[in-house]
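Undergrad: Pasting a structure below so you can have a look.
The values are calculated or read from the model by the stated rules, or taken from the named source; none is laboratory data. Since the structure is predicted, the reported quantities are computational estimates derived from the model, not experimental observations. Backbone-built Cβ (ideal geometry, glycine too); neighbour counts: all protein chains shown. Just the protein is used for accessible areas: all its heavy atoms, side chains included, with ligands, DNA and RNA removed. Shrake-Rupley method; radii C 1.70, N 1.55, O 1.52, S 1.80 Å.
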Amino acid sequence: MSNNEENAKHNELENADRRKFFGKTALVGAGAVAAPMTAAMFASMAKANAAEAANSPFVHPGDLDEYYGFWSGGHSGEVRIMGIPSMRELMRIPVFNIDSATGWGLTDESKRIKGDSAHLLAGDSHHPHMSMTDGSYNGKYVFINDKANSRVARIRCDVMKCDKMLTVPNIQAVHGLRVQKAPYTKYVVCNGEFEIPMNNDGKDGMEDVSTYRSLYNVINAETMEMAFQVMVDGNLDNTDADYDGKYFASTCYNSEMGMNLGEMITAERDHVVIFSLAACEAALKAGKYKTYNGNNVPVLDGRKGSELTRYIPVPKSPHGLNTSPNGEYFVANGKLSPTVSIISIKKLDDLFANKIQPRDAVVAEPELGLGPLHTAFDNKGNAFTTLFLDSQIAKWNVQDAIDAHNGKKVNYIRQKLDVHYQPGHNHTSQGETRDADGKWLISLCKFSKDRFLPVGPLRPENDQLIDISGDEMKLVHDGPTFAEPHDCMIVHRSKMKPLKLWPRTDPIFAETIAQAKRDGVDVYMDNKVIRDGKKVRVYMTSIAPNYGMNEFKVKLGDEVTVIVTNLDQVEDVTHGFCMTNHGVQMEIGPQATASITFTANQPGVQWYYCNWFCHALHMEMRGRMLVEA
Ligand code: CUK
Ligand code: CUA
């Protein structure tokens, strides 16, 4: 069986099991049905089911989606998990934002993870991408950039929480982000978009822009530390990797190094920068780098003429950069040009050996329509490109486009589908991996205009689901979303192994438990108040519907840390801790330990309560803190 057949089988079995269960509950209510089903009714139901079997977006109540979708939350700073094809929002993962439900950004654990940027309350997430092994998703991590504060974060897919965050030095605005696809995700790569003076110390004023540079950033995926950076000519926009672990490619929209819009779009051509990973690693090993801005991150010189890079001229201001799942092509999307540039990855060895000229690597430049931004792929050699200005998706055949470029009379455009409205990214099911399966396409539309009930001047965006399993693209679902899913990725559920309970040894709260040990506290047994000068640590357990401690006393002005351990072993029983009038809220998942620190600045009795529904007596799950004046 192929992977896909296996997956389909697996889903069938799982859904059959679940239906059996739901079937029984349905029987209980059957007596209440007034009119018996007619043969015609059965026939029409059977017909509907047969039609659905092809590629149905309808997921029956109680049935599970076939795919997980990871959506960036744009300037909301979060990442969302969607079920595909139902387009049901399954979860939100706060990352660069603050979240009062889970306490992300408020708890001690999340502040430790956010590290040097824990004081920042906002972010702008664009590009979620999952770690891979041999060009397939491995279900381990999702990486996401923060354009607003030049950060990259990692989400652990077993618990679906952010576990690492890095502020990238020497740059401003991390934009395009991808992972090394093969042999495995050793590196996460991302673009520094805004060019800045090197060094950026304010000494040279704003007049001279000759020292302005953009850097390509290579991050160790496991440690989430900087591996190295590569200085380039021009700025950088989007990026992707090949399937051989050899090359990365990035688009550049401001090769002029202009400082305003007029200056940025004067040149007829910008470029795609190709990075040779082997050449970069060799330069790093040989110590051929400099450091800037007083930090010790190695910066390699990949400007024009360097052995680390090649610059391929393409029509001006390209945007998206996408690798075809057969590993053969990088596609740079024209944005201001109605074309995309197809770069043959096979020819890159010759390009680096100076056997061919940069433009020789471009094997076609098909015209698709106005405002091509991003391209996705199926498993049949077709590509789907968003046309921002035309509000369409163009389906085109890659080989036909290359043949047409070579003079053959073929129409490479297969179809143009109206989407609503102004699409940015699009994404096919598993389309950025070897396992592209040609089933679903998502169009992330920047505007919804008239597609939903009006909700005031601020409207939602519109994420559209398109069935691409047949010859024709079919729009099957509109999904309103909040600001602003730039990008998404879709992974088959068979690749994912999320946990049901927290491991007691989880690294996310290991430091909290280590502190408890230093205090002589066993967080799974003890309910204790430890005083440490002006600092007070309050350890308590929780089992629905009780905290292990119903009252404790502190003194006015104390710095209080409340550490709660959830002893419930039951899946889906999460407790909360909220100290009223203190802005203190957090989630404590089953078997997890979580802590939050605040100043006891109000004398008197202060109630704390559980703010995650957990039990019929959830309202009663509360206790008192006395703050002595
Ligand atoms: S970017 Cu938003 S539409 Cu940040 Cu990938 Cu192209
Ligand atoms: Cu515990 Cu609600």
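Undergrad: Using 0.36 nm times the number of residues separating ASP360 and ASP134, minus their current alpha carbon distance, what extension gain do you get? Could the numbers behind the result be given before it?
TA: Details: separation 226, 0.36 × 226 = 81.36 nm, distance 2.85 nm.
Full extension of this stretch gives 78.5 nm more.
Undergrad: Also, I was wondering about something else. Between LEU90 and LEU121, what is the spin-label point distance in nm, taking each point 7 Å from the Cα along the Cα→C-beta axis?
TA: 3.2
Undergrad: Please give the FRET efficiency for LYS535 paired with GLN399, using the beta carbon to beta carbon distance and R0 = 56 Å, rounded to the nearest 0.05. If you can, show how the numbers build up before the last one.
TA: Details: r = 67 Å, r/R0 = 1.20.
The formula returns an efficiency of 0.25 here.
Undergrad: Moving to a separate point now. Run the paramagnetic zone check for GLU222: 7 angstrom along Cα to Cβ, then residues of segment 134-161 with backbone nitrogen under 20 Å.
TA: 134-144, 153-159
Undergrad: At a 1.4 Å probe radius, carbon and sulfur cover how many percent of the accessible area of the chain?
TA: Numbers: 14840 of 26980 Å².
Summing carbon and sulfur atoms, their accessible area is 55 percent of the total for the chain.
Undergrad: I would also like to ask the following. Among the lysines, select those whose C-alpha is under 18 Å from the C-alpha of LYS161, and discard any that sit fewer than 8 residues away in the same chain.
TA: Qualifying lysines at Cα under 18 Å: LYS111, LYS114, LYS140, LYS495, LYS497, LYS500.
Undergrad: Taking R0 as 22 Å, what FRET efficiency do you get between GLU472 and SER56 from their Cβ-Cβ distance, rounded to the nearest 0.05? Don't skip to the answer; put the middle values down first.
TA: Details: r = 16 Å, r/R0 = 0.73.
Computed FRET efficiency for GLU472 and SER56 comes out at 0.85.
Undergrad: Under a plain spin-label model, where a point goes 7 Å from the Cα along Cα-to-Cβ, how far apart in nm are ALA483 and ALA282?
TA: With each label placed 7 Å out from Cα toward Cβ, I get 4.8 nm.
Undergrad: Which parts of segment 359-373 would a label at LYS408 reach, counting a residue when its backbone N lies under 14 Å from a point 7 Å out along Cα-to-Cβ?
TA: Residues 364 fall inside that zone.
Undergrad: So if R0 is 35 Å, what FRET efficiency would ASP418 and ASN260 give, r being the distance between their Cβ atoms, rounded to the nearest 0.05? Mind showing how you got there, number by number?
TA: On the way: r = 34 Å, r/R0 = 0.98.
For ASP418 and ASN260, the calculated efficiency is 0.55.
Undergrad: Full-extension gain between LYS449 and ALA514, please, as 0.36 nm times their residue separation minus the C-alpha to C-alpha distance. Mind showing how you got there, number by number?
TA: Details: separation 65, 0.36 × 65 = 23.40 nm, distance 5.27 nm.
Length gained, LYS449 through ALA514: 18.1 nm.
Undergrad: Please give every one of the aspartates and glutamates within straight-line cross-link reach of LYS304, meaning a C-alpha to C-alpha distance under 19 Å, and leave out same-chain neighbours fewer than 8 residues apart.
TA: Reachable aspartates and glutamates: GLU193, GLU195, ASP233, ASP237, GLU256, GLU268, ASP270, GLU281, ASP349, ASP350, ASP360.
Undergrad: DSSP loop chymotrypsin sites (Phe, Trp or Tyr not before Pro) in segment 532-626 with at most 15 other Cβ atoms within 10 Å of their Cβ, which ones?
TA: Working: sites: TYR539, TYR547, PHE552, PHE577, PHE598, TRP607, TYR608, TYR609, TRP612, PHE613; in loops: TRP612, PHE613.
When the chymotrypsin sites (Phe, Trp or Tyr not before Pro) of segment 532-626 are filtered for loop state and at most 15 Cβ neighbours within 10 Å, PHE613 remain.
Undergrad: Sticking with this one: If you stretched the chain out fully between ASP208 and ASP522, how much longer would it get, using 0.36 nm times the residue separation minus the C-alpha to C-alpha distance?
TA: Separation in residues times 0.36 nm, less the Cα-Cα distance, equals 107.0 nm.
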